[in-house]
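*Asks:* This is the structure I have questions about; it appears just below.
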Amino acid sequence: MMTEPDLVTIKEGAAIDDASLICHINSRGHFALNALTVGAGATMRSGSRLLSGASMEPSSTLLEHTLVFGGDVVPEGSTMQVKYTHRTPLMHLLTPQFDMRF
């Protein structure tokens, strides 16, 4: 789903499955539109969501059902998975250099 296609930049070689690109936010009555960028060779798998103002750098990957909040950046070459539990998110950021698990 892409609600505001004129604010979305998808670079060459990016792959987007059944994912959501949402450029708007309505917080406490304040409505804003912010651009989104999906870098070259980036991948958004099924159920992943990129929210207003977020971006994915080249060759980054969002695994299934991962939510990236506005203003966040998925680093180049990284793979990100966020699973929400009852109270807190569990984030896995896997890159060729290191494996950080919470």
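The values are calculated or read from the model by the stated rules, or taken from the named source; none is laboratory data. In this text, all values refer to a predicted model and were calculated from it rather than measured experimentally. Because the Cβ atoms are built from the backbone with ideal geometry, glycine has one as well, and the counts that use them run over all protein chains shown.
*Asks:* Report yes if E4 is surrounded by 13 or more Cβ atoms within 10 Å (Cβ to Cβ), farther than 15 Å from L62 by Cα and among the acidic types (D, E), otherwise no.
*Replies:* yes
*Asks:* I'm trying to understand the selection: among the residues of the stretch 37-54, which are at pLDDT 95 or above and part of a strand (DSSP E or B)?
*Replies:* Answer for the stretch 37-54, where residues must be at pLDDT 95 or above and part of a strand (DSSP E or B): T37, V38, T43, M44.
*Asks:* Among the residues that make up the stretch 16-29, is at least one of them outside any loop (DSSP other than H, G, I, E, B), touching a residue at least 40 places away in the same chain (Cβ under 8 Å) and surrounded by 13 or more Cβ atoms within 10 Å (Cβ to Cβ)?
*Replies:* yes
*Asks:* Determine if the stretch 60-72 includes at least one residue that is closer than 18 Å to T9 by Cα, in contact with a Pro (Cβ under 6 Å, 6 or more places away or on another chain) and modelled with pLDDT of 90 or more.
*Replies:* Within the stretch 60-72 (the criterion being closer than 18 Å to T9 by Cα, in contact with a Pro (Cβ under 6 Å, 6 or more places away or on another chain) and modelled with pLDDT of 90 or more), the answer is no, since none of the residues qualifies.
*Asks:* Please specify each residue of the stretch 42-81 satisfying the condition of being basic (K, R) and under 24 Å from N26 (Cβ atoms).
*Replies:* Residues of the stretch 42-81 basic (K, R): 45, 49.
Residue satisfying the conditions is R49 alone.
*Asks:* Still on this structure, please answer the following. Considering each of L36, L62, L50 in turn, give the residue that is in contact with a helix residue (DSSP H, G or I) (Cβ under 9 Å, 6 or more places away or on another chain), of a type outside the set (F, W, Y) and buried (at least 18 other Cβ atoms within 10 Å of the Cβ).
*Replies:* L36
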